[in-house]
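Contents: one structure, followed by commentary.
The values are calculated or read from the model by the stated rules, or taken from the named source; none is laboratory data. None of these values were measured; they are calculated from a predicted model. Ideal geometry is used to build each Cβ from the backbone, glycine not excepted, and the neighbour counts take in all protein chains shown. For the accessible areas, the whole protein counts, side chains as well, though only heavy atoms, and no ligand, DNA or RNA atoms are used. Shrake-Rupley method; radii C 1.70, N 1.55, O 1.52, S 1.80 Å.
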Amino acid sequence: MVKGRISGLLLGTSLMVALQACAPVISEEWISRVDKSLIFKEVKQDPESYRGRFVLWAGVIISAKNFKEGTLIEILQTSMDRQYEPIHKDQSEGRFLALYEGYLDVAVYESGREVTVAGEIKGKRTLPLGEMEYPYPLIAVKEIYLWPKEEKQRYLYDPYYPYPWWWYHPYWGPWW
């Protein structure tokens, strides 16, 4: 009887963990509002005509700044996979601005971090980019997900050098 309860508990726990691993990073509420027919390239051409529609975009943060109106994040748009994670980071249709109404720490939302943003198109904002004026599509953030940093691969080396069997080792003496 106890074994059945324990195995049921283990099965239930493993099922919960497995389902959480498949959970989307953006809530179903906002995913259902997103207009999936909108393509970033089309919106970039004329953001004003898409005002008020909801999008789900992913990309890499270029910069983030805090203002009175909130945190403005400049993002390099990239395509995304089924979990809405940015992929193909070396291919982009352009840049967009995401305005978060509130405070986000710019040390955390730093350049090079990956994000997925669900939000409402608010039009465009033209800002200087180098020596030119660049028209950015502007979205008001409804939900944002900051992807974890990729850990650098660490290699652990065995401090012991495997000497051949006939080799004399100064600490242990000869093998015989």
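If you check Gly119, Gly173, Gly70, Gly59, which single one turns out to be open to solvent by less than 50 Å² (accessible area, probe 1.4 Å), over 17 Å from Pro47 (Cβ atoms) and either among the aromatic types (Phe, Trp, Tyr) or at pLDDT 95 or above (or both)?
Values: Gly119 fails: over 17 Å from Pro47 (Cβ atoms); Gly173 fails: either among the aromatic types (Phe, Trp, Tyr) or at pLDDT 95 or above (or both); Gly59 fails: over 17 Å from Pro47 (Cβ atoms).
Result: Gly70 is the single residue among Gly119, Gly173, Gly70, Gly59 that is open to solvent by less than 50 Å² (accessible area, probe 1.4 Å), over 17 Å from Pro47 (Cβ atoms) and either among the aromatic types (Phe, Trp, Tyr) or at pLDDT 95 or above (or both).
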Return the residues of segment 43-75 that are touching a helix residue (DSSP H, G or I) at 6+ places or on another chain (Cβ under 8 Å) and either in a helix (DSSP H, G or I) or more than 25 Å from Gly112 (Cβ to Cβ) (or both); say none if nothing qualifies. Val43, Tyr50, Phe54
Among (1) out of contact with any Gly (no Cβ under 8 Å at 6 or more places or on another chain); (2) outside any loop (DSSP other than H, G, I, E, B); (3) surrounded by 18 or more Cβ atoms within 10 Å (Cβ to Cβ), the one test that Ala98 misses: (1)
Those residues of segment 76-94 which are in contact (Cβ under 8 Å) with a residue 12 or more places away in the chain, assigned to a loop (DSSP other than H, G, I, E, B) and either acidic (Asp, Glu) or under 15 Å from Val25 (Cα atoms) (or both), in sequence order: Gln83, Tyr84, Glu85, Glu93
